[in-house]
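Laboratory data are not the source of any read-out in this text; all were calculated from the coordinates shown. Keep in mind that this is a model prediction, so the values were computed, not measured. Note that each Cβ is placed from the backbone with ideal geometry, even for glycine, and that neighbours are counted across all protein chains shown.
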C-alpha cells in the first residue's frame, strides 16, 4: 500500500494548502487526505472547493469523515476538539 | 416523501443547534440535515459530535456534502463561500 499523503490545514492562507495538495498530485500521488481540527475545518473545505473551482475541475471527493479528538491544555485540563478528514483523488 | 428537516447552523452556541436537532428527532423525524456556510462549518461538525458524545451515541451520519455558494455583498461584488451539509439519522 502506498504511503498516505496528508495535508494538515491550520491557520495559513487557503492557497498554501491548495499548493501543498497540487504538489502531492504533481509528484505522482493519486490521493491526498486533508485533515483539520477545530476552526480550521472550514478552511479545509475552502481548500477542496478552491481546488475544484480553479485547478482540478474533475477532482473526486472520495470520503469525508468527522470525529472528535481529546486534547490537553497547557494547564492539564482536557478539551474535546472536532476533526475532519477529506480524502480527495485525481481524476483517472 | 417526508418534508426535509433542516437545522441551519450560524453564530449561536453549539448547544442551540443540538437542541434544534433533538427537537426534530423527538417530534418524529428520522433524519435531519445540518447546513452551514463559511466559518460556521466547524460549528456544524461540533453540533454532530456533541450529539454523538452526549445525547445519541448511535447517531448515524448518512452523508456529508461540501460545496460552494456565490453570495452578493452589500456593495454588489460577488464572493464564493464554502458550504457543508451533514445528513444525520436516528438509530433504528
request  = Name the one entry in B:23, B:68 that is more than 17 Å from residue A:38 (Cβ to Cβ) and either touching a helix residue (DSSP H, G or I) at 6+ places or on another chain (Cβ under 6 Å) or facing chain A (nearest Cβ under 9 Å) (or both).
outcome  = B:68
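Looking at segment B:39-49 only, could you name the residues that are buried (at least 18 other Cβ atoms within 10 Å of the Cβ) and facing chain A (nearest Cβ under 8 Å)? Write out each step before concluding.
Kept after step one, since they are buried (at least 18 other Cβ atoms within 10 Å of the Cβ), are these residues of segment B:39-49: B:40-49.
Matches in segment B:39-49: B:40, B:41, B:42, B:45, B:46, B:48, B:49.
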